[in-house]
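Before any comments, here is the structure.
The values are calculated or read from the model by the stated rules, or taken from the named source; none is laboratory data. None of the values given here were measured: they were computed from a predicted structure. Counting neighbours? That spans all protein chains shown, and the Cβs are built from the backbone with ideal geometry, glycine included. Heads up: the accessible areas ignore ligands, DNA and RNA and are worked out on the full protein's heavy atoms, side chains in. Shrake-Rupley method; radii C 1.70, N 1.55, O 1.52, S 1.80 Å.
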Amino acid sequence: MTAEKTTTVVIGAGHAGLAASHFLSGRSIDHVVLERGEVGNSWRTERWDSLRLLTPSWQTRLPGLGYDGPDPDGYMGVPELTEFLDRFAKVARAPVRTGVNVTSVRRGDAGYRVTTSDGEVLATTVVIASGACNKAAVPAVSDGLPGDVRQLTPFDYRDPSQLPDGGVLVVGASATGVQLAAEIQRSGRPVVLSVGEHVRLPRAYRGRDVLWWMDAAGVWDQGHDEIDDLKRARNLPSPQLAGVPSTLDLNALADLGVEIVGRLAMVRDGQALFSGGLRNALSLADLKMNRLLGTFDEWAAARGYDGAGPERFEPTRVPKSPRLRLDLTSGEIRTVVWATGFRPDYGWLDVPVTDEKGRLRHDGGVVDSPGLYALALPVLRRRKSTFIYGIEDDARAVTSHLARYVGAPGAGAV
Ligand SMILES: Cc1cc2nc3c(=O)[nH]c(=O)nc-3n(C[C@H](O)[C@H](O)[C@H](O)COP(=O)(O)OP(=O)(O)OC[C@H]3O[C@@H](n4cnc5c(N)ncnc54)[C@H](O)[C@@H]3O)c2cc1C
């Protein structure tokens, strides 16, 4: 059987793959978008039921398509978002082939040989838009948990009714961890939340959504080449935000009755041992939040912002004597939820372009192999790169490099 040929294969029909397709079509570059599930598959199959975007709806926009519903300051649920992605795929006339799993990408004579569940495609270029969050990053200490404690990742979790009655240890206090901790605590299961390095943010500041400030003050537009410690920026945890109008920080969780403990350091003989550095982790997060609010204030002063004046928030309350040890054999904790982050899965990528931690080696989305590109990875080109609203600038830049590489008319040379 002869393999099909095309200029570009885009892997994945999430918002990033669809945005890439939009710009490729605009440049008349022939391409296909290969998707193992449906458009927006990660949202349809890998998210919990109550999830609402933490970005306000006015910020959910893709090239040429913005939110036009009745509540721009609200936060979309998953059904609304997948409907939005379907609409974008239609408007962009993206040549998506659903139900096609990419099982291998290898270098070939004139580009890449893409093997799929539906045959082979030879492509001059490949855009990897397969997502940054394909797998849950579960720490190795999970191996030491007693067998009768149920372990879940955010991929397995749908709603609290799945969990046995009894206590729940949520490990990780970034966006996912704080959201799940609140929901599980409200279901009547007492939650212990293990907190390491985290990013504290208020939901609103000086009368506006905090993400409005990130945008207006140019924080999200900061480029990868302007950031001193790019490696660190790419590993920053997600902010403690939820798609609700109120702040969901550790004080709010403590008010709900969630018990705050330090970072999970190890599990030994059925005992979970937590770091004694909780106070430092809390004060560092407060300090960084206040520094960021200071940046917003400077911007506001320079622009003559006429909304509400500067605010400062109650410091995170340090628990009196946080537990340093939790006996996982006592029956107090019936479930552990690993909200310890996500990572991409490049198991199908047979080109040597990943580092020792499995991350793609790339410069602003131009991967370390000619004709190979990536989108929507953390701080790919800007701080906003993984957010839906951040894709437009990145997809435009990456596809314009690709157009020069393939010598598309009017694109110039790479
Ligand atoms: C829990 C969570 C909450 C988030 N909340 C927000 C938010 O509120 N606002 C915001 O802007 N961003 C949010 N994000 C970040 C980001 O928008 C999402 O991660 C988004 O799904 C990334 O889009 P993407 O197109 O890069 O990847 P994905 O949406 O993951 O799309 C990748 C696609 O590639 C497909 N695929 C993967 N491997 C293969 C293969 N081998 N063959 C064929 N197809 C393949 C997948 O099925 C999937 O459809 C959140 C992320 C997570 C994990």
Task: Carbon plus sulfur fraction of accessible area for region 1-133, probe 1.4 Å, in percent - done: 48 percent
Open item on the list: Quick check: the distance between the Cα centres of region 6-48 and region 232-277, to the nearest angstrom?
Closed with: 34 Å
Task: Radius of gyration and Dmax over the Cα atoms of the chain, both given in Å - done: 22.4, 70
Open item on the list: Stokes-Einstein diffusion coefficient for region 5-158 at 10 °C in a medium of 1.306 mPa s, Rh from the Kirkwood formula over Cα pairs: what value in µm²/s?
Closed with: 92 µm²/s
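Take the Cα pairs of region 250-349, get the Kirkwood Rh, then feed it into Stokes-Einstein at 4 °C and 1.567 mPa s and tell me D in µm²/s.
Numbers: Rh = 17.2 Å.
The diffusion coefficient I find is 75 µm²/s.
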TODO: Indicate the gyration tensor shape class of region 280-414 (rounded, prolate or oblate), computed on the Cα atoms with a ≥ b ≥ c the square roots of the eigenvalues: a/c under 1.5 is rounded; otherwise a/b larger than b/c is prolate and the rest oblate.
DONE: oblate
Task: region 55-122: C-alpha gyration tensor shape, a/c 1.5 cut-off, then a/b vs b/c - done: prolate
Task: Contact order relative to length of region 99-178, as percent, for alpha carbon pairs under 8 angstrom and 6 or more apart - done: 14 percent
Task: Net dipole in debye of region 208-279 [+1 Lys, Arg Cβ; -1 Asp, Glu Cβ; about Cα centre; nearest 20] - done: 340 debye
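Where does the chain land at 222 nm, in deg cm²/dmol rounded to the nearest 500, when only DSSP H runs of n ≥ 4 count, each adding -39500 (n - 2.57), divided by all residues? Intermediate results must be reported in sequence, preceding the final value.
Values: 9 runs with 104 residues, N = 414.
Result for the chain: -7500 deg cm²/dmol, rounded to the nearest 500.
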Task: Residues of region 228-264 with amide N under 18 Å of a point placed 7 Å along Cα→Cβ from Ala140 - done: 264
Open item on the list: Compute, for the chain, the length of the dipole vector about the Cα centre, with Cβ point charges of +1 (Lys, Arg) and -1 (Asp, Glu) only. Units Debye, rounded to 20.
Closed with: 420 debye
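Could you work out the relative contact order of the chain, using alpha carbon pairs under 8 angstrom and six or more residues apart, expressed as a whole percent? Could you put the intermediate results ahead of the total?
Details: 817 pairs, mean separation 92.4, N = 414.
Reported relative contact order: 22 percent.
Counting only DSSP beta bridges with both residues in the chain, tell me the antiparallel percent, nearest 5.
Numbers: 29 of 62 bridges.
Looking only at bridges with both residues in the chain, the antiparallel portion is about 45 percent.
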Open item on the list: If I build a Gaussian network model for the chain, linking alpha-carbon pairs within less than 10 angstrom, which residue out of Glu314, Glu38, Glu298 has the largest mean-square fluctuation?
Closed with: Glu314
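Using only the Cα atoms of region 145-221, build the gyration tensor, take square roots of its eigenvalues as a ≥ b ≥ c, and label the shape rounded, prolate or oblate: rounded if a/c is under 1.5, else prolate if a/b is larger than b/c, else oblate. Mind dumping the intermediate values first?
Numbers: a/c = 2.93, a/b = 2.41, b/c = 1.22.
Prolate, because a/c is 1.5 or more and a/b exceeds b/c.
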Task: the chain - accessible surface per residue (Å², probe 1.4 Å) - done: 44 Å²
Task: Accessible heavy-atom area order of His31, His22, highest first, probe of 1.4 Å - done: His22, His31
- [ ] Report the convex hull volume per residue for region 168-310, counting only C-alpha atoms, in Å³.
- [x] 121 Å³
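Students often get this wrong, so check it: of Lys231/Lys288; Lys5/Lys357; Lys90/Lys384; Lys288/Lys384; Lys288/Lys320, which have C-alpha atoms separated by over 28 Å? Don't skip to the end; give the middle numbers.
Working: Lys231/Lys288 18 Å; Lys5/Lys357 33 Å; Lys90/Lys384 25 Å; Lys288/Lys384 18 Å; Lys288/Lys320 23 Å.
Violating the 28 Å limit, Cα to Cα: Lys5/Lys357.
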- [ ] Mind jotting down the three principal axis lengths of region 314-389 based on Cα atoms? Whole angstrom, largest first.
- [x] 55, 36, 22
- [ ] Give the ranking of Glu259, Glu83 by solvent-accessible surface, highest area first, calculated with a 1.4 Å probe.
- [x] Glu83, Glu259
- [ ] Once you have the Cα-Cα distance between Leu236 and Asp68, take 0.36 nm times their residue separation minus that, and quote the gain in nm to one decimal.
- [x] 57.3 nm
TODO: Find how many whole Å separate the alpha carbon centroid of region 160-230 from the alpha carbon centroid of region 60-128.
DONE: 27 Å
